[in-house]
Amino acid sequence: MTTPLTTASEVNDWTAEGQRYLMNTGRRAPITIVRGEGSRVWDDTGKTYLDFLAGLAVLALGHSSPVVLEALRRQGEELILVADTVWSVPQVKLAKRLTELSGMHKVFFCNGGAEANEAALKIARKYGKLHKEGAFEVISTDNSFHGRTMGATAATGTAKYREPFEPLVPGFSFVPFGDIEAIKAATTAATCAVIIEPIQGEAGINIPPDGYLIELRQWCDEQNMALILDEVQTGIGRTGKMFAFEHEGIKPDILTLAKALGGGVPVAATLVNEKFDVFEPGDHGNTFGGNNLMTSVALAVIDYIVDNDLIEESATRGEYMLAKLRSLEDRYEFVKEARGRGLMCAIELDNGKAGDVMQVCLENGLIMGQVRDHVLRMLPPLTVTTDEIDEAIAILDRALASVE
């Protein structure tokens, strides 16, 4: 039995201290996680949990990955950060690696997904100003999520994230996800871009119809506007491909990455093809983005994923996990659907009890995510094992039975 790291009274103190000093920006479970290894974490009483949220799809190699730790140690001893008035070797190496893997042209580095999407929107608008008679409008989709900054919030198709902060950046419209005719109808001479998640993550792992991205690619080409693919959650092996756009055999004009890119450290990227390489000195920048420490870790993470066939593993383990989740459809009438691609899966309930199920799972040692009142999602590390998947599904099974 693991020895508790703190007393029970101290556990309560951490919750109280957090409520006292941290802004109330999200719902937190009343547990304090103090250690992690692989797919598991421990709280300050010594209780262990399977982490099938992985820092919201961030921890590609799991908690305390030796790959990440060694890259941090090695680069931290050499050089942590240098201003972008000079060249940085890890930054250039990572940019080269990402362009080789994606087929894109050039890269801008920043710290998180919202920042990557901000850069993408600025690129699209500058292109519209230079090459499309000042076009500046952007089409997004209902229920999408692109980040918390003002521009990214304006592009987010979920009203509850936008409305408290209006008026936002103008020029955004929203159409149903997966409906190419709706995008065509919304396109005007002033449209410079479409921004879309290949799979909607925050909305509940919503997968568009086959061929949708192909038709969207063709439409953007015809209209001379940017196709921005937000792969902040889907990128870096999560869906069983390095990038989700590979499932449809297309390429975007602008691609955004974050989350799994750094395996737990804050690094993000905006990639462009040659046509949309329009930034000039002074157009954009980022103090911490692309620093030596973060880009060195990201390069190590990507190399490990590629060299150890974790993308293929993600596809195989994802199929295994989805099959297990689909078996629950037959066991419980209120399980409406299990869906997913790679290690990005969800179950949808029609009884509105996703929160209750998630709480029971937590009590029994499984951390997973709730999106909306009726959807639960699983985003385990790419290193997850089939035994761990079996264990997680067994806990979920019992939780569903408890709210039946």
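Key figures for this structure:
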| quantity | calculated |
| --- | --- |
| Label-point gap, in nm, between Glu274 and Ala29 - each point 7 angstrom along Cα→Cβ | 5.0 nm |
| Ala186-Asp210 pseudo-label distance in nm [points 7 Å out on the Cα-to-Cβ vector] | 2.6 nm |
| Alpha-carbon centroids, the range 343-362 and the range 187-242: separation in whole Å | 27 Å |
| Trp14/Thr48 FRET efficiency (R0 25 Å; Cβ-Cβ; nearest 0.05) | 0.90 |
| Along each principal axis, Cα extent of the range 294-404, largest first, Å | 47, 26, 22 |
| Proximal aspartates and glutamates relative to Lys353, as straight alpha-carbon distance under 17 Å, when same-chain residues fewer than 8 apart are discounted | Glu329, Glu333, Glu337, Glu363, Asp373, Asp397, Glu404 |
| Relative contact order for the chain, counting Cα pairs under 8 Å that sit 6 or more residues apart, in percent | 21 percent |
| Projected label distance in nm at Ile80 and Ser327, using a 7 Å step from Cα toward the beta-carbon | 4.8 nm |
| The range 105-185: proportion of alpha-carbon pairs further apart than 23 angstrom, % | 24 percent |
| Loop sites in the range 159-221: GluC sites (Glu not before Pro), DSSP, at most 15 other Cβ within 10 Å | none |
| Solvent-accessible heavy-atom area per residue, rounded to whole Å², over the chain at 1.4 Å | 45 Å² |
| Among Ala268, Ala182, Ala60: highest mean-square fluctuation, GNM of the chain, C-alpha pairs under 10 Å | Ala182 |
| DSSP-loop GluC sites (Glu not before Pro) across the range 106-179, with at most 13 other Cβ within 10 angstrom | Glu133 |
| Estimated FRET transfer efficiency when R0 is 22 angstrom, pair Asp307-Glu37 (beta carbons, to 0.05) | 0.55 |
| Where only alpha carbons of the range 1-142 are counted, the Rg and the Dmax (Å) | 21.5, 68 |
| Under 18 Å from Lys184, Cα to Cα: lysines that are on another chain or at least 8 residues apart | Lys132 |
| Anchor Lys241: lysines whose Cα lies under 26 Å away (excluding residues fewer than 8 positions away in-chain) | Lys93, Lys96, Lys106, Lys251, Lys259, Lys275, Lys324 |
| Per-selection Rg to Rh, the range 180-232 - Cα, Kirkwood hydrodynamic radius | 0.97 |
| Stretch gain in nm, segment Leu130-Ser173, where the contour uses 0.36 nm per residue and the Cα spacing is subtracted | 13.3 nm |
| Residue with peak Gaussian network fluctuation, the chain [Cα springs, cutoff 10 Å], from Gly211, Gly262, Gly369 | Gly211 |
| Over 26 Å [Cα-Cα, the chain], rounded percent | 55 percent |
| The chain: most fluctuating residue of Thr153, Thr85, Thr187 per GNM, C-alpha cutoff 10 Å | Thr85 |
| Qualifying GluC sites (Glu not before Pro) in the range 304-377, DSSP loop, other Cβ atoms within 10 Å at most 12 | Glu333 |
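The values are calculated or read from the model by the stated rules, or taken from the named source; none is laboratory data. Everything numeric here is computed off the predicted structure, so don't read it as measured data. Note that we place each Cβ from the backbone using ideal geometry, even for glycine, and neighbour counts take in every protein chain shown. Only protein heavy atoms, including side chains, enter the accessible area calculation; ligands, DNA and RNA are left aside. Shrake-Rupley method; radii C 1.70, N 1.55, O 1.52, S 1.80 Å.
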